[in-house]
Every structure is written in structure tokens, then in C-alpha cells.
Amino acid sequence: MPAHSLADFVSLAQTVPRIDGWYFVMLTSRVLHVLGAIVLLGGIFYLLAVVAPRAAASGSNADAWFNGNRSAWAKWVGIATAVLLVTGLFNFITIIKTNQIATSYHMLGGLKIVVALVIFFFAAVLAGKTALADRMRANMKFWLTITMLIGLVIVIIGGVMRSYPREPKAAATGPTLVAPQ
């Protein structure tokens with residue numbers, strides 16, 4: 001077993017996050033964000049991979065299954081959308097306020113938000129009661145496939161954003177006051 005020097009332990013201590021209240025707030029926000037994405041995209045995947053094929057095999061429209069379960073799905077679409085919006089904006093703002101990060105990170109964050117709004121729209125419409133919802137559900141497999149592909153784009157953008165190097169900003173010390181001499 002190799003011997004470790006004091007410098008090795010100091011280096012390790014600098015890479016471990018500071019465990020304090022703010023750490024747990026950020027951890028909770030990240031976990032809730034991931035859970036929101038799991039619920040929304042997992043539900044869309046279930047509709048695409050299970051409901052739509054079964055409906056097609058039985059010769060019925062997926063709308064028949066969906067109508068019996070629409071209100072439950074609509075509730076979870078709303079919850080997941082709210083969680084993703086709140087935690088996503090909170091995480092993004094916190095990261096750019098506390099870290100030196102490339103300007104292109106901001107562009108990717110904006111792109112991710114706009115693309116996420118498209119998914120929120122499709123999921124809400126597919127779970128809705130409007131005439132547009134009925135028309136989209138008539139071609140449900142197509143719209144679910146489009147929504148899943150857009151979800152994949154968001155996951156890729158998020159992965160790229162997570163790989164950006166982050167340098168914590170120096171603690172602000174405020175203006176220095178110098179007494180006249």
C-alpha cells in the first residue's frame with residue numbers, strides 16, 4: 001500500500017464538498033429535479049412503450065385507456081412540471097451566482113429551459129381535455145416519440161452543462177474604506 005503524504009490529505013480535503021446547511025439545500029434541489037424528470041419522462045416512456053402498443057394491438061385507440069387515467073396523469077404532469085421549473089431555475093441561478101463559469105453555460109441553460117417548455121407543453125396537452133389534446137392523442141405514438149426525443153436532447157444538454165468546469169467565486173469582501181490622511 002503506498003504511503004500518503006500530508007499534501008495528499010490536504011488535496012483530498014479540498015475536493016470534498018463543504019457539508020453545511022447550504023449543501024443540503026442544493027442536494028435536495030438536485031434530487032427533486034432528477035425525481036421530477038424521472039416522473040415526467042418516465043411517464044411519457046410508459047405511455048409510449050406500454051400503453052400505445054397495447055392499444056394498437058387491441059385495435060383500440062390509446063385514447064380509450066388514457067381517458068380513464070387522464071386525470072391522474074394530468075396531476076403528475078403538473079406536479080413534475082412545477083418541481084422541474086422551480087428546482088431548475090434555482091439550481092441554474094445558484095450555479096451562475098456562486099461559480100466562475102463560461103458564458104456558453106448561460107446559453108446552454110437558456111436553451112435547456114426553452115426546450116423543457118416544449119416538453120411541458122406536449123405533456124400538458126396530451127394530458128388535457130381540449131380539442132387540441134384530442135387531436136394530438138389521435139396520433140399519440142407520434143407525439144410521445146417526439147416528446148421522448150426532445151427529452152433526450154434535454155438530458156444531453158444537462159450532461160454537457162454538468163461537465164463544465166466550475167471555479168467558486170472569491171468571497172465578496174465589499175468595498176474597502178480608506179480613511180483620509
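The values are calculated or read from the model by the stated rules, or taken from the named source; none is laboratory data. Because the structure is a prediction, the values reported are computed rather than measured. In this analysis, Cβ positions are derived from the backbone assuming ideal geometry, glycine residues included, and neighbour counts consider all displayed protein chains. Side chains included, ligands, DNA and RNA excluded: accessible areas come from the protein's heavy atoms. Shrake-Rupley method; radii C 1.70, N 1.55, O 1.52, S 1.80 Å.
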Could you list, ordered by first residue, the pairs with Cβ atoms under 7 Å in which the first is in region 95-106 and part of a loop (DSSP other than H, G, I, E, B) and the second is modelled with pLDDT under 90, at least 6 apart or interchain?
I101/R166
Checked region 70-81 for anything without any contact (Cβ under 8 Å) to a residue 12 or more places away in the chain and either within 13 Å of the chain's Cα centre (by Cα) or open to solvent by 60 Å² or more (accessible area, probe 1.4 Å) (or both); matches are S71, K75
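Residue check: is K75 assigned to a loop (DSSP other than H, G, I, E, B) and farther than 25 Å from Y23 by Cα?
Values: assigned to a loop (DSSP other than H, G, I, E, B): no; farther than 25 Å from Y23 by Cα: yes.
No, not satisfied.
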Flag if A116 is closer than 21 Å to V31 by Cα and in contact (Cβ under 8 Å) with a residue 24 or more places away in the chain:
yes
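How many of the residues in region 135-152 are open to solvent by less than 30 Å² (accessible area, probe 1.4 Å) and within 14 Å of F121 (Cα to Cα)?
Kept after step one, since they are open to solvent by less than 30 Å² (accessible area, probe 1.4 Å), are these residues of region 135-152: 136-137, 140, 144, 147, 151.
Next cut, within 14 Å of F121 (Cα to Cα) only: 136-137, 144, 147, 151.
Qualifying residue count, region 135-152: 5.
Looking for whichever is free of Cβ contacts under 8 Å to residues at least 24 places away in the same chain, more than 19 Å from A127 (Cα to Cα) and open to solvent by less than 50 Å² (accessible area, probe 1.4 Å) here; the options are F92, F24. Which one fits? Explain how you work it out, then say what you get.
On the way: F24 fails: open to solvent by less than 50 Å² (accessible area, probe 1.4 Å).
Going through F92, F24 in turn, the sole match is F92.
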Within region 48-64, restricting to residues that are surrounded by 15 or more Cβ atoms within 10 Å (Cβ to Cβ) and at pLDDT 65 or above, the one that is nearest to T147 (Cα to Cα) is L48
